[in-house]
Amino acid sequence: ETAVFQTPNYHVTQVGNEVSFNCKQTLGHDTMYWYKQDSKKLLKIMFSYNNKQLIVNETVPRRFSPQSSDKAHLNLRIKSVEPEDSAVYLCASSPGGSAETLYFGSGTRLTVL
Amino acid sequence: GDKVKQSPSALSLQEGTNSALRCNFSIAATTVQWFLQNPRGSLMNLFYLVPGTKENGRLKSAFDSKESYSTLHIRDAQLEDSGTYFCAAEANSAGNKLTFGIGTRVLVRP
């Protein structure tokens, strides 16, 4: 049963454009995450938010920024996309502050032309 | 992918047979999670493990923190078991973030 909802499923855009991906979880979890899955299927954490506080921020480019209105929502904005940003972006949530059982959304596939 | 090594990288199974996937860790893993990513891309959590074993239906997983490995056994493989299986480890040295392996692609043939 899906409880982490991502939109859109797919997005195609040109280099230099701004994009925004949405994520909402209905599990009442305290922590949400954004992962990037590259063409080799490797999953790498980008951000995590716990009670609206950024607690993990890997060395991602500054053009990426997470945006949260409450603990159920964590959006991802990419300002001025680059070709290497083409990937699948997966949102996840977990009950607490550490990497407990993760529940993933279905992902947003970004293609940058 | 180097800190969490999955094997094999790909596996083809006849329906109804059994198989095992393995993860070796070069970090001091404290917990392990196994996920299945289906062909549509959705990632489903299969197991969350502290050292020990868990079983769920036809799947069984073990995590040995001293020997730094985890296994996932598939019994009586079904077509819907096809997909990519990921293991991920949490380690204090990694700030309790999850480090993922690169996955094992499993294809179950009729």
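Table for the structure above
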quantity: In segment B:1-76, GluC sites (Glu not before Pro) in a DSSP loop with at most 14 other beta-carbon atoms within 10 Å; calculated: B:Glu15, B:Glu67
quantity: Spatial separation of Cα centroids for segment A:1-58 and segment B:1-42, in angstrom; calculated: 23 Å
quantity: Cross-link pairs beyond the 29 Å C-alpha cut-off, checked among A:Lys71/B:Lys97; A:Lys40/B:Lys97; A:Lys24/B:Lys5; A:Lys79/B:Lys5; A:Lys41/B:Lys54; calculated: A:Lys24/B:Lys5; A:Lys79/B:Lys5
quantity: Calculated P(r) of the protein assembly as shown - Cα pairs past 32 Å, %; calculated: 17 percent
quantity: Cα gyration tensor, segment B:4-109 - rounded (a/c under 1.5), prolate or oblate; calculated: prolate
quantity: Nearest-0.05 FRET efficiency for A:Thr13 and B:Lys66, computed from C-beta distance (R0 45 Å); calculated: 0.40
quantity: Pair A:Asn51, A:Ser80: separation of 7 Å Cα→Cβ label points (nm); calculated: 3.6 nm
quantity: Whole-number D in µm²/s for segment A:4-112 (Stokes-Einstein; Kirkwood sum over Cα pairs; 4 °C, 1.567 mPa s); calculated: 95 µm²/s
quantity: Contact order normalised by residue count of chain A, Cα under 8 Å, 6+ apart, percent; calculated: 37 percent
quantity: Amide N of segment A:76-113 lying under 12 Å from the label point, which is placed 7 angstrom from the Cα of A:Gln67 along Cα→Cβ; calculated: A:76-79
quantity: Relative contact order of segment B:4-109, defined on C-alpha pairs under 8 angstrom at six or more residues apart (%); calculated: 38 percent
quantity: Derived scalar couplings ³J(HN,Hα) [segment A:37-51; Karplus, 6.51 cos²θ - 1.76 cosθ + 1.60; whole Hz; x for Gly, Pro]; calculated: 10, 7, 5, 8, 6, 6, 9, 10, 6, 10, 9, 9, 10, 10, 6
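Throughout, read-outs are computed from the coordinates displayed, never taken from laboratory work. This structure is a prediction, so every number in the text was calculated from the model and none was measured. Every residue, glycine among them, receives a Cβ derived from its backbone with ideal geometry; neighbour counts consider all protein chains shown.
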